[in-house]
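A short write-up of the structure that comes next.
Here, each number is a calculation from the coordinates, and none is a lab measurement. As the structure is a prediction and not an experimental result, all values here were calculated from the model. Because the Cβ atoms are built from the backbone with ideal geometry, glycine has one as well, and the counts that use them run over all protein chains shown.
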Amino acid sequence: MTTTFISYRRENCAGEARALFNDMRERLGESSVFMDVDSIALGRDFRGALQRTLASCDIVLVLIGRNWADTKDEEGRTRLEDPGDFVRLEIEAALKRDIIVMPVLVQGAHMPAAAQLPPEIRDLAYRNGFELSHNRWESDIGEMLRRLNLNPPATGATQRQSARPTSVPIAAVAATTSAAEPHPAPLRQVGLTRRRALGIAASVALAAGALTVAVPSVRRFLSRPALRTIHFDAASVDEKGIRNPSERYAAAVFSEALGLNAQLEMVSIPSGSFTMGSPSNEPERQPNESPQHHVSVPAFFVSASPVSQAQWVAVVLAHPDRILRDLPPIPSFFKGIDLPVETVSWNQAEEFCLRLAAITGRPYRLPSEAEWEYASRAGTVTAFNVGPTITPELANYCGTGGAICGDSDGKSIASDVYAGVRYTSGAYGQGPVGIFRGTTTRPGTFPRNRFGLYDMHGNVWEHCLDKASDDYSQSPLDGSAYLSGPRDAPRILRDGSWSHNPAICRSAYRDYNDSWSPGWQGRCGFRVACTI
């Protein structure tokens, strides 16, 4: 049996390492893959275990995330320059054995140049690598295993079946749901980087005279977007909901043209760190919002508002062919080109991102849960990014009382209970009782937050990349998505919606839904992110 060793740096890509380990173990069998956290018995000398495994394994996968080569220790020294650094020792031992040592690029990272690596592991820069994309995680892993000739056992290894989380509140699943969406065959990669593949596709299109999509795709992919600076006022309130004087902020943005006069405003979110989750004294907090943990988030771009119906239609028309699955041209319950697209499943949001990436040449995806909360908080530590409470002048939510308001599929779903928790008041904390609009609202109806984003509380639920989890005990600390669990695991939702109690619209509130389900009618949408 072929044994694979996963080498990774905790500070850099622990989330992807665990997800890869779990997926490979599920596909190939429990004894076929080694990762130190789960593969070394408690109380055993990990140094000896690592040495023995490296001396006998057949393949070493070196996970490389953003800033992998530049990661520093607590004293500011680059870790790879330390001769005793475990990642460096793992790579060095594998290269000396001349076995398969394959760089695996995650988080959109680029392969470090040979000059960035110590002489002992410089040969890594010349090993043919593979890119794992969050948006195409499952199909990418299948293709990687195929190219490594790591085929699942013919008799089938014992499959791990993860139980659906029980303590995470279930997102509003439609009262009458359709049959589970069939899983299409994985998209196969060619033995090229995506950049080169895009260039080849453009050349073929040019030869055939098909200029409308291919030429803009390559042109934008090979050049950084033109940034401009916007200035705006951000609102805040005190604990009783009384408005404080507005403060002036600025953000860098670029506009992504989609056709049909539609465009995406993408906002630059600066790198930084924050405390994710809610403190124990936050009113209405839920158990799955803990433990609070410190997360470092690299810079990224995110759309200023949830994807609109006009943007959805523009992308579907520009790229009508399915990549993984078909998309309805008009999925929304509330009709209006400027309103957010909704009644959209996670699978459909993923497909939209894939098509958007194909059209523009940029690596569009859903934001990770950590990126979403970091962007929502925008430097604040209160329950809402406007302060310790919320008012109907600042967000679209159900402020007239109860947990849920409104109808779905022509039937009332109003209730005081949501996910086993009772909500009665339409106010949060000491703030005022609100109103119930009964519909989604256009971006710009409420002020931007301090990062320049609209509607980070209420309006529509927003899909995130992450698979559902009971709590944060195994969550990555580098801003990446939590991807452990079955391939069809439920996915995280954030933000609350126009029909939910304000407590459900807090920055820390977490929900989830089946990846194939659009949820209750008119409530689930998404925004897009990318790293450039």
| field | Efficiency of FRET from Cβ geometry, residue 110 and residue 148, R₀ 30 Å, rounded to 0.05 | value | 0.90
| task | Give the value in nm², to one decimal: projected area of the alpha carbon convex hull of segment 215-354, averaged over all directions. | result | 12.2 nm²
| message | Given points 7 Å out from each Cα along the Cα-Cβ axis, report the residue 260 to residue 470 separation in nanometres with one decimal. | response | 4.5 nm
| Which order results if 63, 324 are arranged by neighbouring Cβ count within 10 Å, fewest first? | 324, 63
| remark: For segment 224-530, shape from the Cα gyration tensor axes a ≥ b ≥ c, cut at a/c of 1.5 then a/b versus b/c, turns out rounded
| query | Quick one: 463, 294, 134, fewest Cβ neighbours within 10 Å first, how do they rank? | reply | 294, 134, 463
| query | Taking the Cβ of residue 472 as the center, what net charge do the other residues with Cβ under 10 Å away carry, scoring Lys and Arg +1 and Asp and Glu -1? | reply | -3
| field | Per-pair calculated FRET efficiency, R0 = 30 Å: residue 231 and residue 532 via Cβ, rounded to 0.05 | value | 0.85
| Which order results if 5, 86, 436, 526 are arranged by neighbouring Cβ count within 10 Å, fewest first? | 86, 436, 5, 526
| note | Between residue 433 and residue 239, Cβ-based FRET efficiency (R0 22 Å, step 0.05) works out to 0.90
| field | Convex hull of Cα atoms in segment 4-147, direction-averaged projection (nm²) | value | 8.6 nm²
| query | So for the pair residue 400, residue 96, with labels modelled 7 Å out along Cα→Cβ, what separation do we get in nm? | reply | 7.3 nm
| query | With each pseudo-label sitting 7 Å past Cα toward Cβ, what's the residue 488-residue 322 distance in nm, one decimal? | reply | 1.5 nm
